[in-house]
1. Could you grab the pairs with beta carbons closer than 6 Å, sequence gap of 6+ or different chains, first residue in the stretch 45-64 and under 9 Å from residue 6 (Cβ atoms), second one part of a helix (DSSP H, G or I)?
2. Within the stretch 8-64, restricting attention to residues that are surrounded by 11 or more Cβ atoms within 10 Å (Cβ to Cβ) and among the polar types (S, T, N, Q), which residue is modelled with the lowest pLDDT?
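The values are calculated or read from the model by the stated rules, or taken from the named source; none is laboratory data. Everything numeric here is computed off the predicted structure, so don't read it as measured data. Glycine also receives a Cβ, built like all others from the backbone with ideal geometry; neighbour counts cover every protein chain displayed.
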Amino acid sequence: MRQNFVDAQTRLVARPHHGRNQRLPVARELGETSLMLLVHPTLTAQNIEDTIRVVKEVVARATR
């Protein structure tokens with residue numbers, strides 16, 4: 001996705017202020033199976049359409 005200029009991450013970086021290291025199985029599962037798309041108020045409708053197109057292309061390639 002980055003090669004198509006879509007900034008996305010598959011996990012968050014834990015920060016010390018997020019709390020102690022605890023066993024949170026649901027949070028772990030979500031973190032391992034989710035995709036986070038970074039957004040900001042200056043995105044245009046075209047930026048969003050481009051992101052949708054790229055995500056669809058990546059998913060199509062991954063499910064072949």
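1. Listed pairs, sorted by first residue: 54/4.
2. 9
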